[in-house]
Amino acid sequence: MVTVAPPDTWVYALRLPHDPRAARVARMTVRAALNSHGMREVLDVVELLTSELVTNAFQYAKGNASLRLAALGGGRVRVSVWDANPYVPAPFGEPPGGRPCPAPVDAVNGRGLLLVQAWADLWGGEALGRGAGKLLWFEVGRPGAARAEAA
């Protein structure tokens with residue numbers, strides 16, 4: 001039996017230690033994968049949003065995290081980040097349109113999830129139950145595709 005996958009779909013997975021350098025490793029991995037698959041048009045956005053989710057995993061969860069980068073076909077990419085903290089922050093734990101609280105103007109952090117909301121076409125998250133943590137994800141691709149279809 002032969003398994004055949006469409007040529008524009010692939011998956012990379014990376015286990016990240018609880019280390020402040022994890023976001024940099026994740027950014028480098030995303031950059032290398034997207035460049036090697038000719039997906040430069042989404043590279044900057046995917047790299048930024050991946051960095052935000054991995055940074056949050058480091059800041060708010062204990063232990064390792066995992067990153068999964070998947071091409072869904074048609075120029076779309078999904079990034080998923082798992083960590084051990086079961087709390088799902090807004091907007092991930094709410095129906096579309098949920099908004100995280102804006103950070104104070106002089107705050108040095110607190111804008112990462114707003115960036116995901118602004119730049120990702122789709123996003124979601126769920127607590128995995130039984131102490132298994134949570135999974136947050138976002139999708140981007142074909143610039144404006146999801147936004148144009150939703151309009």
* Structure fact -> Residue hits (region 105-133; open to solvent by 90 Å² or more (accessible area, probe 1.4 Å) and modelled with pLDDT of 80 or more) are W119, E126, R130
* Asked: Could you say which residue among N85, N35 is in contact with a strand residue (DSSP E or B) (Cβ under 7 Å, 6 or more places away or on another chain) and either surrounded by fewer than 19 Cβ atoms within 10 Å (Cβ to Cβ) or aliphatic (A, V, I, L, M) (or both)?
  -> N85
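The values are calculated or read from the model by the stated rules, or taken from the named source; none is laboratory data. Because the structure is predicted, anything quoted here is derived from the model rather than measured. Please note: Cβ atoms are built from the backbone with ideal geometry, for glycine as well, and neighbour counts cover all protein chains shown. These area figures cover heavy atoms from the full protein model, side chains too; ligands, DNA and RNA do not enter into them. Shrake-Rupley method; radii C 1.70, N 1.55, O 1.52, S 1.80 Å.
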